Amino acid sequence: MLAEIGQLSLAIACMLSLLQTVYPLYGIYARNQSAIESAKILTNLQFVFVTVSLLILSYLFIANDFTVVYVATNSNSALPWYYRLSAVWGAHEGSLLLWAFLLSLWSSAVAVMSKRLPVESIARVLAILGLLSLGFYLFVLLTSNPFLRTLPYFPVDGRDLNPLLQDVGLILHPPMLYMGYVGFSVAFAFAIAALMEGRLDSAWAKWSRPWTMAAWVFLTLGIALGSWWAYYELGWGGWWFWDPVENASFMPWIAGTALIHSLAVSEKRGVFKSWTVLLAISAFSLSLLGTFLVRSGILVSVHAFASDPSRGLFILAFLVLVIGGSLLLYAVQASKVKSRGRYDLLSRESMLLINNILLIAALIVVLLGTLLPLVHKEIGLGSISIGEPFFNKMFSILIVPFALFIGVGPLVRWKRQKINELLKPLSLSLVISTAIAVLFIFLYSSKFTWMALLGVFLGFWILVTTCYELYLRATFRFTLLKGLSKLGYSHWAMSIGHAGFAVMIIGVTMTQNFSIERDVKLAVGESIAFEHYDFHFDALENADGPNFTATAGVFTVLKDDKFVATMKAEKRIYTVQRMPMTEPAIDAGVTRDLYIAMGEVLPDGAWAVRIYYKPFIRWIWFGPLMMGFAGMLMMMDRRYRVKNTTENDSAEVQGVK
């Protein structure tokens with residue numbers, strides 16, 4: 001009975017989303033105030049019913065109700081309760097319900113937290129979000145219903161959750177990633193509503209900016225969490241493997257990064273409006289494209305959901321409708337999108353424009369590298385492979401000017417800047433960055449490569465110029481400490497965000513150039529010397545879990561005859577699916593990771609063991625954490641918390657009717 005109630009709640013939410021789409025727009029057309037104001041009520045009601053549906057599905061998993069097909073396929077009575085809960089979004093049907101729930105959550109948040117916005121404007125935004133929700137509800141109900149029954153026959157126990165997904169990182173990674181994907185729908189809705197209204201001004205950018213930043217923060221942290229999981233669970237490089245499904249999340253992140261910078265310029269200077277609208281459309285469209293790639297069955301990936309082509313066709317049709325409709329509206333209203341500000345070639349606007357161009361170039365590289373093999377195969381030209389070397393080479397070319405301009409940009413004034421005023425800070429920063437980079441390489445590595453020096457230099461270039469800009473800003477009118485305390489949240493957000501990107505560049509550079517990997521054969525009692533460390537294979541232990549059997553290899557690690565760590569690496573067999581899994585042992589540090597993974601037992605009783613030395617790999621995740629924190633700081637800025645978003649928001653409001 002509960003499954004039927006869950007399905008009914010989902011159907012009611014679908015009908016409410018239809019009303020949310022149509023009725024407020026009718027109210028705007030007919031000047032019916034009650035119809036306009038109904039947008040918020042319908043949005044919140046829709047959220048209530050889809051929440052009930054998701055809670056019921058979660059209970060069905062916790063209660064081991066194997067009369068439901070989705071539960072029987074993705075759970076098992078021996079599965080720990082927290083993995084049963086994460087199994088709710090562990091496969092296609094549940095992940096789509098989670099997507100619909102999060103879209104409704106974002107919509108409800110907009111309805112509740114936008115009380116000071118013009119009523120008609122927010123009604124348009126909520127109507128557009130309702131249309132997007134309607135598409136996903138129809139997708140779930142017509143092609144991906146998670147409440148279908150197995151009756152009259154049902155299994156005694158379930159098939160179990162994919163062992164790859166039985167991990168703490170995978171409990172949090174999908175919801176966080178989806179929060180980012182879905183969050184860009186708010187930026188999309190604000191942009192489309194502004195186009196419908198024919199009014200793109202600084203107030204519109206101010207309304208949209210904190211919502212866009214929130215989505216970007218979730219996506220940044222979600223990608224970082226996925227990268228961390230791939231590192232310790234799959235043994236990948238730790239930063240990027242250029243898997244097509246990973247690229248599907250990276251593309252909206254690149255577009256979102258360009259969007260938050262473009263919104264800042266549109267808000268402060270009233271320029272880049274066309275850029276901002278197109279980037280808002282692109283960020284959400286790329287999120288939908290990622291959904292299509294993962295669920296259409298055209299990709300083979302450890303991340304992809306096995307799915308039938310009819311589902312892919314539904315998403316493709318929805319994708320074409322969203323992208324085509326929004327671009328058509330933009331084409332009709334483009335003449336009304338006018339930027340009023342002017343700026344010189346040497347100005348902060350120009351720096352941000354150049355960085356946005358480089359970001360879009362990177363986006364095109366990832367898009368072509370991901371889609372070209374698929375298109376090439378689908379049109380009958382055979383299979384081609386575009387792999388890691390292509391992406392690494394292209395990004396190495398693009399990252400150099402991008403990082404250089406990130407360092408220069410904050411030192412440049414809005415509107416115009418005299419070049420002679422930049423000579424001293426840039427020259428000093430260049431000397432300091434080069435000296436630190438050379439010293440850094442020689443301190444932490446026994447070998448030298450020019451590519452490593454370049455990458456470390458770029459990271460420290462951003463850090464040094466960021467610190468220099470903070471010093472100049474703080475000491476302009478006050479002493480250093482007092483001036484730093486006077487800086488606003490937005491300024492600190494910019495500085496910490498750029499510093500986080502610099503930390504990530506250093507981590508990627510050191511890991512890519514100086515990682516060491518070795519496959520060895522070890523029996524109990526043997527040891528091996530590896531990168532100044534001695535690894536002693538002490539013993540084998542049983543490490544059985546609730547739904548798996550495991551053998552753990554116990555290793556003692558010494559350096560210069562001093563104890564470093566005891567590490568236990570496991571080889572597991574999951575009892576239901578009989579799937580072998582490796583659980584590595586990792587001794588983490590600020591400047592290096594030691595990583596041991598057990599392979600297969602060999603005929604003579606020895607084990608195949610893989611050992612990694614990963615320098616500065618943690619910096620790859622420290623960087624995104626700093627960027628995420630920076631985004632949260634920006635949202636705390638008082639400009640987005642005080643009563644200043646009315647139709648006459650500021651002197652910069654530009655009506656374009």
- Query: What does the charge add up to near LEU345, with Lys and Arg as +1, Asp and Glu as -1, over the other residues with Cβ less than 14 Å from its Cβ?
  - Reply: +4
- Can you work out ³J(HN,Hα) from phi for every residue in the stretch 455-465, in order, using Karplus 6.51 cos²θ - 1.76 cosθ + 1.60 and θ = phi - 60°, giving whole Hz and x for Gly and Pro? x, 5, 4, 4, x, 6, 4, 5, 5, 5, 5
- Task: Treat the count of other C-beta atoms within 10 Å as a stand-in for reagent exposure and order ASP160, ASP538 from fewest to most.
- Result: ASP538, ASP160
- Note on the structure: The residues GLU600, GLU541, sorted from fewest to most surrounding Cβ atoms within 10 Å, come out as GLU600, GLU541
- Query: Taking only DSSP H segments of four or more residues, each worth -39500 (n - 2.57), what value at 222 nm results for the chain once the sum is divided by all its residues, to the nearest 500 deg cm²/dmol?
  - Reply: -21500 deg cm²/dmol
- Options (i) 296; (ii) 180; (iii) 317 for volume of the Cα convex hull per residue in Å³; the value derived from the coordinates is listed as (ii)
- Query: Hey, which aspartates and glutamates would be in cross-link range of LYS336, C-alpha to C-alpha under 14 Å, not counting anything within fewer than 8 residues on its own chain?
  - Reply: GLU197, ASP201
- Query: If we count other beta carbons within 10 Å of each Cβ, what is the order of ILE620, ILE260, ILE379, fewest first?
  - Reply: ILE379, ILE260, ILE620
- Message: Could you tell me the relative contact order of the stretch 494-589? Use alpha-carbon pairs under 8 Å, at least six residues apart, and round to a whole percent.
- Response: 16 percent
- Message: Cut-off under 26 Å on the C-alpha distance; same-chain residues fewer than 8 positions from LYS521 excluded. Which lysines are left, in chain and number order?
- Response: LYS559, LYS562, LYS568, LYS571, LYS614
- Which whole-number percent is the relative contact order of the chain (Cα, under 8 Å, 6+ apart)? 13 percent
- Long-range HN-HN contacts of GLU526 with modeled amide H, under 5 Å: PHE537
- Query: What's the local net charge at ILE620, with K and R +1, D and E -1, over the other residues with C-beta under 11 Å away?
  - Reply: +1
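Every number here is computed from the coordinates shown, using simple stated rules; none is lab data. All figures in this text were calculated on a predicted structure; none of them were measured in a lab. When we count neighbours, we look across all protein chains shown, and the Cβ atoms used for this are built from the backbone with ideal geometry, even at glycine.
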